[in-house]
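Comments concern the structure below.
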Amino acid sequence: MSFVDRNQENLLSKIATGNGHGENSPYFDGWKAFENDPFHASENPRGVIQMGLAENQLCFDLIQDWTKKNPKASICTPDGVDAFRDIAIFQDYHGLPEFRNAVAKFMTKVRGNRVRFDPNRIVMSGGATGAHETIVFCLANPGEAFLVPTPYYPGFDRDLRWRTGVQLLPVVCESSNNFKVTRKALEAAYESAQEANIRVKGLLLTNPSNPLGTVLDRETLRSIVSFINEKNIHLVSDEIYAATVFSEPGFVSISEIIEEEIICNRDLIHIVYSLSKDMGFPGFRVGIIYSYNDAVVHCSRKMSSFGLVSSQTQHLIASMLSDDEFVDRFIAESAKRLGKRHEVFTQGLDQVGIGYLKSNAGLFLWMDLHHLLKEQTFEAEMELWRVIINEVKLNVSPGSSFHCSEPGWFRVCFANMDDSTMDLALTRIVTFALQSKEVRIQRKKCWASNRLRLSFSKRRMDDIMMAQSLLSPHSPIPQSPLVRART
Amino acid sequence: MKPLSRKATCNTHGQDSSYFLGWQKYENNPFDEVRNPNGIIQMGLAENQLSFDILESWLDMNPDAAGFKRDGNSIFRELALFQDYHGLPACKKALVEFMAEIRGNKVTFDPSRLVLTAGSTSANETLMFCLAEAGEAFLLPTPYYPGFDRDLKWRTGVEIVPIHCTSSNGFRITASALEEAYQGARKRNLRVKGVLVTNPSNPLGTTLSLSELNLLLDFITAKDIHLISDEIYSGTVFSSPGFVSVMEVLNGYENTEVWNRVHIVYSLSKDLGLPGFRIGAIYSNDEMVVAAATKMSSFGLVSSQTQYLLSALLSDKNFTKKYLFENQERLKQRHKMLVMGLQKARISCLKSNAGLFCWVDMRPLLHSNTFESEMELWKKIVYDVRLNISPGSSCHCTEPGWFRVCFANMSEATLNLAMQRLKKFVVDSTTNNSNNRSLDHYYSAKNSKKKSLIPKWSLIPKWVFRLSSRDRDRESSDER
């Protein structure tokens, strides 16, 4: 390397020139495929359908309706412009009091009013992304570590580690017990860290889980609280999907557990929240840190200067979330629609024997395709994934990107599209599954059964079966290369 | 085991400084024309409140932008979902055009080299993360904005080494001061990664001269380091000499090494008076810096709601032209009012042509030429005169006796009242206190060109004003 080149490298920081942002990973291929050939109902019906994006797009009609009826919520409309000046100047990192009050109330409602949140503990951040980084800056020094149960959201690798220098150590969870977070797994992870001379400062949970879509049960939560207290480490509970719980068992927040009769040092408990998933507002960058530790509240509040919520947005959110009637209606309707979407999707998969983790929350399903793998390896998983993107034309997320310990799992998002796109996506999956020789279906059952409850049209299923039986080279749906490879 | 991180328990956030203490006092007793006419007048807040009416009338005429609509159709959903860290293209285009307009269109900016951040607070921190490792250093001319101590150093671990500027030459940056700072850093085993300047300057209110800019470019070329030019006040230049951006001086230097090492920070908090909306930006010619900063902006993106409003606002060229002109006129007038009011109180200030404040010379009012004396004077001004102004020591000034006084965050009537209070204080001070160096004595000494009665001050005392642990809890906002 010439002197000049070495010089150039040294001019920027290691953080800037390294890969800590995580974006050079192969998983971005899926995104690229989507971006090069994005599905559009009329303009590009054969394009790649985006199922790798955990967005909640099911309830915008309710929100748009509300904004129309509440022009004052925008400081720019004739009704609201009187507030423009004061809001435009407002940069106090405490945040607008009405904003904090409204968010605290919303968090309370989402937990069925079983706990109260103190608006004075609400600290703003640049989305949950900003919240995670900030809380780690407050709790850990470079080189120290956080334990995270696998599988976990890939963004944590960047958010918790990149600029902070903190490490993430996995707590391995397995499909044999539905990826439960066991005391044994926690202890094993902690021991490993001790042996490697790495100081563990905390445990990060996502509850409800991304990518699993499940909630932690009370017993598990209590066991976790006991673990962190015993080790005297922090617990950060990312509850970003709290309002996406659509069926039993309901959601139990860490905030409820610590109110029970349980030995717990509250200074160790912190919650991360955001409106990106529950409300579908990722663009507004509303992240929240809620800590039971006064020093952390104060420190994170000072750090929030680096990612305050726009006062224009605070004002809008304050208005919206203080409308009790609207909020109650929204929470109920959103859960209902998510539940319905989940039902449509899972019933479709049931028909062709595609397995998935039973879930009751989130904007996605944790699909089990290990029986479609050539062999039980991550390489085979990546191969299958490329087939799904390039041939089936769906951008789904491979389990390895979530640090899953077992190959063959895929996260598939279902709340970021309309009903007809959902139907089409399901059709593609079902077709692919049928084509794959590893999927055993009983054709007779399919043709004859009246109890077949298909949420997409039965006619469509018939069409697929017809096409399948024809298997002509001119068929619009290509034969799976996985199948081809075997012959 | 220590429960929190070192960052959480240290003082590098800088909020124990006197700069922020003044606000605390203000907040306990804030002036209000009607409800609290004897309260403390806030003159420590560099906010631009002079031109909201122009913004409001634009909003009146443009209901779509405001109401999440485009051509009458709701785009709420699209905005609510838009979190692409590349930013809303229309917003970036409008913003770079606005930046060019402020520079008289003598430079053009490429929107793909602009990174949006949550305020310039975030922009400055992000640039540090991109350009320096923990333990490395940036050189900053003094006096400088106190918030830099937090923004540049706190979570990044980067050090600030001061470039000492003095009143002897109007606080201009000199070659020897630059070299001295660089060598000083080396003696402390600190590797210098760059220089950061604020142009126009906070707290001086002056624009960098062409020779200073050339000096800086020569310096960073010779040392192989970066230059960050924080141009947050670029739209507040109200009189000559005009504003020369570092980018202008770089015209013709494309494809040279130095071209890649100059980065601009910008924000709409001062020029447009919108600090609450958190609109900051980094502009760099270095692709790697743009790429890294873009990814880092994930930690503090600009709300899409706000980006949309901006794209509509700033692409209206009639509005921007009118606003820039009118805003500058009003700032000029306000500045004049303050200067004349100070003169009536026999107080002078540094001749300035920009910013939302004046750099006021209160050295004649000091008991002794020390920072202790400056603190004493400051406390009197806050508690007795009831004006919150910012002591120079909080800005790391090397000479005691200078104060930053803001003029754009209050009504004319309030400014007049503030000047009356100040005048009364000065008159009382000079007639009552025989120990004080009298103003007459000071001025006659100055005019006779004798050796200054004020001794040379070469030591740099601690500027952090240690508070009790209770006061340490004082919470503040982000005012510059």
- Item | Derived scalar couplings ³J(HN,Hα) [region A:43-49; Karplus, 6.51 cos²θ - 1.76 cosθ + 1.60; whole Hz; x for Gly, Pro] | 7, 8, x, 9, x, 6, 8
- Task: Tabulate in residue order the Karplus-calculated ³J(HN,Hα) for region A:171-184, using 6.51 cos²θ - 1.76 cosθ + 1.60 with θ = phi - 60°, rounded to whole Hz; enter x for Gly and Pro.
- Result: 9, 6, 10, 10, 5, 4, 10, 6, 6, 5, 8, 9, 4, 4
- Mind giving me the FRET efficiency for B:Asn38 and B:Phe325? R0 is 30 Å, r the Cβ-Cβ distance, nearest 0.05 is fine. 0.20
- For region B:48-204: lysine pairs under 30 Å (alpha-carbon distance), excluding those fewer than 8 apart on one chain: 9
- Each label point is 7 Å from the Cα along the Cα-to-Cβ direction; what then is the distance between the points at A:Ser192 and B:Asp71, in nm? 5.5 nm
- Query: Which part of region B:350-382 falls in the paramagnetic zone of B:Asn28, meaning amide N under 20 Å from the point 7 Å along Cα-to-beta-carbon?
  - Reply: B:375-382
- Give me the percent of DSSP beta bridges within chain B that run antiparallel, rounded to the nearest 5. 50 percent
- Message: Only four residue types carry charge here, +1 at the Cβ of Lys and Arg and -1 at the Cβ of Asp and Glu. Report the dipole size of the protein assembly as shown about the Cα centre in Debye, rounded to the nearest 20.
- Response: 1160 debye
- Query: For region B:65-317, what proportion of DSSP beta bridges, expressed in % and rounded to the nearest 5, is antiparallel?
  - Reply: 40 percent
- Leaving ligands, DNA and RNA out of it, rank A:Glu248, A:Glu381 by accessible area with a 1.4 Å probe, largest first. A:Glu248, A:Glu381
- Rounded to the nearest 10 Å², the 1.4 Å probe accessible area of B:Arg150 is 10 Å²
- Message: Once you place label points 7 Å from the Cα toward the Cβ at B:Lys380 and B:Lys332, how far apart are they in nm?
- Response: 3.7 nm
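Carbon and sulfur: what percent of chain A's accessible surface (1.4 Å probe)?
With neighbouring chains kept in place, the figure for chain A is 49 percent.
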- chain B: calculated mean residue ellipticity at 222 nm from DSSP helix runs of at least 4, using -39500 (n - 2.57): -12000 deg cm²/dmol
- Could you tell me the distance between the Cα centroids of region A:241-307 and region A:143-219, to the nearest Å? 17 Å
- Over the protein assembly as shown, what is the percentage of antiparallel beta bridges among all DSSP beta bridges, to the nearest 5? 50 percent
- Item | Folded to 0 to 90 degrees: helix A:294-303 orientation relative to chain A principal axis, Cα | 80 degrees
- Item | Cβ-based charge dipole, chain A, positive-most Cα from A:Ala193, A:Ile233, A:Met303 | A:Ala193
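Extension gain B:Lys106-B:Thr256, at 0.36 nm per residue separation less the Cα-Cα distance, in nm? Don't skip to the end; give the middle numbers.
On the way: separation 150, 0.36 × 150 = 54.00 nm, distance 1.96 nm.
Taking B:Lys106 through B:Thr256 to full extension adds about 52.0 nm, to one decimal.
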- When the Cα centres of region B:61-98 and region A:53-85 are compared, how far apart do they sit, in Å? 14 Å
- Note on the structure: With every protein chain in place, the residues of region B:106-143 shedding 50 Å² or more of accessible area versus the chain by itself (probe 1.4 Å) are B:Phe129, B:Glu133
- Partner shielding of A:81-92, taken as the mean number of other chain Cβ atoms within 10 Å, equals 6
- Query: For region A:112-147, which residues drop by 50 square angstrom or more in accessible area between the chain on its own and all protein chains together (1.4 Å probe)?
  - Reply: A:Phe137, A:Asn141
- Orphan Cys of chain B, criterion: no other Cys C-beta under 4.7 Å: B:Cys10, B:Cys91, B:Cys130, B:Cys165, B:Cys395, B:Cys397, B:Cys406
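Let me know the shape class of region B:116-163, please: from the alpha-carbon gyration tensor, a ≥ b ≥ c as square roots of the eigenvalues, rounded when a/c is under 1.5, otherwise prolate if a/b is greater than b/c, or oblate.
The shape class here is oblate.
Could you check how much of the accessible area of chain B is carbon and sulfur, as a whole percent, using a 1.4 Å probe?
On the way: 9150 of 18190 Å².
Result for chain B: 50 percent of the exposed heavy-atom area is carbon or sulfur.
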- Which one of B:Ser373, B:Ile102, B:Leu274 has its Cα pushed farthest toward the positive end of the charge dipole of chain B, where Lys and Arg give +1 and Asp and Glu give -1 at the Cβ? B:Ser373
- Sort the following peptides by mean Cβ neighbour count (other Cβ atoms within 10 Å, averaged over residues), highest first: A:401-414, B:126-139. B:126-139, A:401-414
- Task: Determine the shape class of region B:283-328: with a ≥ b ≥ c the square roots of the Cα gyration tensor eigenvalues, call it rounded for a/c under 1.5, and otherwise prolate if a/b is greater than b/c, oblate otherwise.
- Result: prolate
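Could you tell me whether region B:82-197 comes out rounded, prolate or oblate from its Cα gyration tensor? Rule is a ≥ b ≥ c as square roots of the eigenvalues, rounded for a/c under 1.5, then prolate if a/b exceeds b/c, otherwise oblate. Please list the in-between numbers first.
Numbers: a/c = 2.66, a/b = 1.56, b/c = 1.71.
Oblate.
Among A:Lys32/B:Lys295; B:Lys270/B:Lys351; B:Lys270/B:Lys344; A:Lys302/B:Lys351; A:Lys109/A:Lys277; A:Lys231/A:Lys277, which pairs are too far apart, with a Cα-Cα distance over 25 Å?
Working: A:Lys32/B:Lys295 17 Å; B:Lys270/B:Lys351 20 Å; B:Lys270/B:Lys344 28 Å; A:Lys302/B:Lys351 35 Å; A:Lys109/A:Lys277 16 Å; A:Lys231/A:Lys277 32 Å.
Cα-Cα > 25 Å for B:Lys270/B:Lys344; A:Lys302/B:Lys351; A:Lys231/A:Lys277; rest within.
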- Message: Give me, ordered by chain and number, the residues 5 or more places off A:Gln167 or on other chains with an amide H under 5 Å from its own placed amide H.
- Response: A:Gly143, A:Glu144, A:Ala145, A:Phe146
- Zone reached by a paramagnetic label modelled 7 Å from B:Ala222 Cα along Cα→Cβ, restricted to region B:165-179 with backbone N below 17 Å, covers B:173-179
- Here the residues of region B:217-255 whose accessible area is at least 20 Å² smaller with all protein chains than in the chain alone (probe 1.4 Å) are B:Asp224, B:His226
- Compute, for B:Trp378, the solvent-accessible surface of its heavy atoms (probe 1.4 Å) with the complete set of protein chains present, and express it in square angstrom to the nearest 10. 10 Å²
- Task: Please report, in debye to the nearest 20, how large the charge dipole of chain A is about its Cα centre when each Lys and Arg carries +1 at its beta carbon and each Asp and Glu carries -1 there.
- Result: 1040 debye
- Message: Inside 10 Å of the C-beta atoms of B:206-216, what's the mean count of C-beta atoms belonging to other chains?
- Response: 0
- Compute the separation of the alpha-carbon centres of region B:402-429 and region B:186-261 and state it in Å as a whole number. 33 Å
- Note on the structure: Protection proxy (average C-beta count within 10 Å per residue), highest first, orders A:101-109, A:266-274, B:412-420 as A:266-274, A:101-109, B:412-420
- Query: In debye, nearest 20: dipole of chain B around its Cα centre with unit charges on the Cβ of K, R (+) and D, E (-)?
  - Reply: 1520 debye
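May I ask you to compute the full-extension gain from A:Ala332 to A:Asp37, defined as 0.36 nm times their residue separation minus their alpha-carbon distance, rounded to one decimal in nm? Write out the running numbers ahead of the final one.
Working: separation 295, 0.36 × 295 = 106.20 nm, distance 3.57 nm.
Using 0.36 nm per residue and subtracting the Cα-Cα distance, I get 102.6 nm.
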- Interface A/B, total buried accessible area with a 1.4 Å probe, nearest 100 Å²? 7100 Å²
- Averaged per residue, what accessible area in Å² does the protein assembly as shown show with a 1.4 Å probe, protein chains only? 39 Å²
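Over chain A, what is the relative contact order in whole percent, taking alpha-carbon pairs under 8 Å and six or more residues apart?
Working: 835 pairs, mean separation 99.6, N = 487.
Relative contact order here is 20 percent.
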- Item | Separation of the A:Ser247 and A:Asp82 label points, Cα + 7 Å toward Cβ, nm | 4.9 nm
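The values are calculated or read from the model by the stated rules, or taken from the named source; none is laboratory data. Nothing here was measured: the structure is a model prediction, and the numbers come from that model. Don't worry about glycine lacking a Cβ; one is built from the backbone with ideal geometry, like all the others, and counts go over all protein chains shown. Areas reflect the complete protein model, heavy atoms only, side chains present, ligands, DNA and RNA absent. Shrake-Rupley method; radii C 1.70, N 1.55, O 1.52, S 1.80 Å.
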